[in-house]
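Below: one structure, written as structure tokens.
The values are calculated or read from the model by the stated rules, or taken from the named source; none is laboratory data. No experiment lies behind these values; they were computed from the predicted model shown. For neighbour counting, all protein chains shown are included, and Cβ atoms are generated from backbone atoms with ideal geometry for every residue, glycine included.
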Amino acid sequence: MSAPFDPAAHGWTLQSDDGFVGLVGPFWRDAAGRHGFAAEPRHANLIGVVQGGMIMTFADRALGLSAMQAVGDRACATVQFNMQFVAGVAIGAFVEIDVRVVRSTRSLVFMDATVLSAGRAVATAQGVWKVVGA
């Protein structure tokens, strides 16, 4: 059995959060701006894989931060969010997300993403983020 992936040893930086994400994280970010999390036993559902809600929370946060970056670090709020689960995620796995800004307008950011574990798609997500105050 191989050792669990250590994000810090691979250049990832811990993202601190005293809010809700602090309760379910920690989430990580690398120098390229990618987001990730290490699946811990506390993230398990009743059948022993990562709870879908954890993956959704992770994706919502990563997409939201990416939307904010796309509009010059202005605050954004989730307006609509869809997720499709493709495969389970094992406890102990490191999960990453590939985020894409589809379109950005003055007041809305349209996004999609693929959630990956060990290089394989485990979920896809699409959504719309509102630029706060726009």
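Of the residues making up the range 32-86, those that are farther than 18 Å from Val102 by Cβ and assigned to a strand (DSSP E or B) number 7.
Hey, does the range 104-114 have a residue that's of a type in the set (Lys, Arg), in a loop (DSSP other than H, G, I, E, B) and without any contact (Cβ under 8 Å) to a residue 40 or more places away in the chain? Write out each step before concluding.
First, the residues of the range 104-114 that are of a type in the set (Lys, Arg): 106.
Add one more test, that the residue is in a loop (DSSP other than H, G, I, E, B), and what stays is 106.
Now drop any that are not without any contact (Cβ under 8 Å) to a residue 40 or more places away in the chain, which leaves 106.
Yes.
Of everything listed in (1) under 30 Å from Ala134 (Cα atoms); (2) in contact with a strand residue (DSSP E or B) (Cβ under 9 Å, 6 or more places away or on another chain); (3) among the small types (Gly, Ala, Ser), the single unmet condition for Gly48 is (1). Exactly one residue out of Ala67, Ala9 is within 14 Å of the chain's Cα centre (by Cα), more than 15 Å from Val122 (Cβ to Cβ) and among the aliphatic types (A, V, I, L, M): that is Ala67.
Just name the residue that is surrounded by the fewest Cβ atoms within 10 Å (Cβ to Cβ) out of those in the range 21-31 that are part of a loop (DSSP other than H, G, I, E, B) and small (Gly, Ala, Ser). Walk me through how you get there before you give the answer.
To start, the set of residues in the range 21-31 that are part of a loop (DSSP other than H, G, I, E, B) comprises 25-26, 30-31.
Add one more test, that the residue is small (Gly, Ala, Ser), and what stays is 25, 31.
On the way: Gly25: 21, Ala31: 8.
Checking each candidate, the answer is Ala31.
Conditions tested, residue by residue: (1) surrounded by 12 or more Cβ atoms within 10 Å (Cβ to Cβ); (2) modelled with pLDDT under 95; (3) in contact with a helix residue (DSSP H, G or I) (Cβ under 8 Å, 6 or more places away or on another chain).
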residue	(1), (2), (3)
Asp6	no, yes, no
Gly11	no, yes, no
Gly19	no, yes, no
His43	yes, no, yes
Ile47	no, no, no
Val50	yes, no, yes
Ala70	yes, no, no
Gln84	no, no, no
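Within the range 97-129, take every residue that is among the charged types (D, E, K, R) and in contact with a helix residue (DSSP H, G or I) (Cβ under 9 Å, 6 or more places away or on another chain) and give me the one that is surrounded by the fewest Cβ atoms within 10 Å (Cβ to Cβ). Spell out how you get there, then give the answer.
Filtering the range 97-129 for residues among the charged types (D, E, K, R) gives 98, 100, 103, 106, 112, 120.
Still in the running and in contact with a helix residue (DSSP H, G or I) (Cβ under 9 Å, 6 or more places away or on another chain): 100, 112.
Numbers: Arg100: 12, Asp112: 15.
So the residue we want is Arg100.
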